[in-house]
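Everything below concerns the one structure shown next.
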Amino acid sequence: EARASSPSRHSWSVLHLFILVLCSSYGAHGQLQMPQLDTRQVTNNLPIIEGQSSGGQSLICQESSSTDVLSLEWSFNGLPVPLSRVSVRVVDLPPPLYISSLNLTQRDGTWLEEDSGEYACTPTIPATNTRGPASVLNIVVEVRAQILNLTEPTDVELGNDLAVLCEARGSTPIAYTWTTSAGDIVRQVNSSITNDSFVIENASRNDTLGYTCSISNAF
């Protein structure tokens, strides 16, 4: 549960993985199959929380080909991954096994909410620029509820209305609870958006109180 009566900007995230693992095989000359994606280094360390170290964790993609020289290309949300994060080796088996590892360590080596998205490994034949079907891993980041801002104390004229806004960050639904400095709960709601307003209607002198917004979600 998060509680605030003044702005707070610290946040955490929990990362859940939805994984599609597809088996590999190899076909005739020029025919590319879907490669195998090994996600165990990631899934063996669940739950992953924003700020937690991602050092040493990799996704591994592999494919065999008896007739063509292959390249295994990585993308993140449709954009090429920097080659500095990729290592490649070939195991001399009949047929040769091409293995590509994507290092998940970025920036300062910790997980961030922006690491969520689609990671894809696509086999290609560079000589003919032939591309095969990709194996895909979708990472969805779930964020713990944190309050970003709460409306500062405001004066309101007698008889007028006033909306007090609580802005949050986190995965929805978010439960909002508004309480007064007297300890009374004046509003409770589960919301699918990341802000909620408590409205004081037809303000009277009895509404001259402090108001606190508390939030929580499933994470």
Practice task
Being over 13 Å from residue 100 (Cβ atoms) and in contact with a Phe, Trp or Tyr (Cβ under 7 Å, 6 or more places away or on another chain) narrows it down to one of 52, 62, so name that one.
Solution key: 52
Practice task
Would you point out the residue of the stretch 112-121, among those that are assigned to a strand (DSSP E or B) and free of Cβ contacts under 8 Å to residues at least 60 places away in the same chain, that is surrounded by the most Cβ atoms within 10 Å (Cβ to Cβ)?
Solution key: 120
Problem - Test: residue 161 is free of Cβ contacts under 8 Å to residues at least 12 places away in the same chain and not small (Gly, Ala, Ser) - result: no
Problem - Matching strands (runs of 3 or more DSSP E) fully within the stretch 31-111 where at least 3 residues are surrounded by fewer than 15 Cβ atoms within 10 Å (Cβ to Cβ) - result: 86-91
Problem - Hits in the stretch 169-196 - residues which are under 29 Å from residue 112 (Cα atoms) and not in a loop (DSSP other than H, G, I, E, B) - result: 169, 174, 175, 176, 177, 189, 190, 191, 195, 196
Handout entry: Test result for residue 183, of a type outside the set (A, V, I, L, M) and either under 22 Å from residue 146 (Cβ atoms) or open to solvent by less than 40 Å² (accessible area, probe 1.4 Å) (or both)
Key = no
Exercise for the section: Working only within the stretch 188-219, note down all residues that are open to solvent by 20 Å² or more (accessible area, probe 1.4 Å), of a type outside the set (A, V, I, L, M, F, W, C) and over 21 Å from residue 155 (Cβ atoms). Expected result: 188, 190, 192, 194, 195, 216, 217
Fill in the blank from the handout: Reported set for the stretch 139-166 where residues are under 21 Å from the mean Cα position of the chain (by Cα) and open to solvent by 70 Å² or more (accessible area, probe 1.4 Å) is 144
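One line per residue, one yes/no per condition, for (1) over 27 Å from residue 51 (Cα atoms); (2) of a type in the set (A, V, I, L, M):
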position: 115; (1), (2): no, no
position: 126; (1), (2): yes, no
position: 129; (1), (2): yes, no
position: 133; (1), (2): yes, no
position: 163; (1), (2): yes, yes
position: 183; (1), (2): yes, no
position: 189; (1), (2): yes, yes
position: 200; (1), (2): yes, yes
position: 215; (1), (2): no, yes
Exercise for the section: Scan the stretch 168-179 and give yes if some residue there is open to solvent by less than 40 Å² (accessible area, probe 1.4 Å), touching a strand residue (DSSP E or B) at 6+ places or on another chain (Cβ under 6 Å) and closer than 28 Å to residue 75 by Cα, otherwise no. Expected result: yes
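The values are calculated or read from the model by the stated rules, or taken from the named source; none is laboratory data. Quantities reported herein were computed from a predicted structural model and do not represent experimental measurements. We place every Cβ from the backbone using ideal geometry, glycine too, and count neighbours over all the protein chains shown. When the accessible area is computed, the model is the full protein with side chains, heavy atoms only, and any ligands, DNA or RNA have been set aside. Shrake-Rupley method; radii C 1.70, N 1.55, O 1.52, S 1.80 Å.
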